[in-house]
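Asker: Can you keep this structure in mind? I'll have questions shortly.
Values quoted throughout were computed directly from the atomic coordinates according to the rules given, and no laboratory measurement underlies them. Only a predicted model underlies this, so the values are computations on that prediction, with no experimental measurement involved. When we count neighbours, we look across all protein chains shown, and the Cβ atoms used for this are built from the backbone with ideal geometry, even at glycine.
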Amino acid sequence: LERVSECNCSICTKKGYVHWIVERAAFRLLTPSDNIAAYTFNTKVAKHLFCPNCGVASFYIPRSDPESIDVNVRCLEGVNLDKLEHDQFDGRNWEKAFQERERGRVAK
């Protein structure tokens with residue numbers, strides 16, 4: 001864990017979400033899956049998961065990479081956010097920002 005991203009969309013800013021996308025095989029959920037609630041909106045691709053008891057949103061299935069898990073780094077114990085490199089994502093203009101990010105990946 002060296003690089004994370006922050007999004008300026010209304011959901012991420014209000015939740016204080018700091019994104020770290022991991023492969024599903026690298027993710028292990030300790031809570032029984034029936035103790036997790038979900039909601040979707042707009043395209044219904046992203047699955048926003050949260051604890052139905054306390055409301056904490058510690059991870060979700062991202063629209064940008066639905067085969068992976070997006071972990072909220074603020075929910076991980078022992079991580080110093082100040083020591084991580086932060087990328088910014090313009091989620092308020094999601095489609096344009098996603099296309100630009102993907103073009104940048106192909107160019108590298």
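Asker: Suppose every K and R has +1 on its Cβ and every D and E has -1 on its Cβ; what is the size of the dipole of the stretch 3-107 about the Cα centre, in Debye to the nearest 20?
Answerer: Around 200 debye, computed over the stretch 3-107.
Asker: How large is ³J(HN,Hα), in whole Hz, for each residue of the stretch 77-82 in order, when computed from phi with the Karplus curve 6.51 cos²θ - 1.76 cosθ + 1.60 and θ = phi - 60°, using x for Gly and Pro?
Answerer: Running phi through 6.51 cos²θ - 1.76 cosθ + 1.60 with θ = phi - 60° gives 7, x, 9, 9, 4, 5 Hz.
Asker: Compute the Rg to Rh ratio over the stretch 47-108 from the alpha carbon atoms, using the Kirkwood formula for Rh, and round to two decimal places.
Answerer: Rounded to two decimals, Rg/Rh equals 1.02.
Asker: Further question on the same structure: Please compute the volume of the convex hull spanned by the alpha-carbon atoms of the stretch 3-107 and report it per residue in Å³.
Answerer: 121 Å³
Asker: Relative to the first principal axis of the alpha-carbon coordinates of the chain, what is the inclination of helix 94-107, with its axis defined by its Cα atoms, in degrees from 0 to 90 and to the nearest 10?
Answerer: 60 degrees
Asker: Oh, and also: Per 0.36 nm of contour for each residue apart, how much would the distance between THR31 and GLU85 grow if the chain were fully extended, relative to their Cα-Cα spacing?
Answerer: The span from THR31 to GLU85 would gain 16.5 nm if fully extended.
Asker: Can you show me the helix-derived [θ] at 222 nm for the chain, built from DSSP H runs with n ≥ 4 at -39,500 (n - 2.57) apiece and divided by the number of residues, rounded to the nearest 500.
Answerer: -5500 deg cm²/dmol
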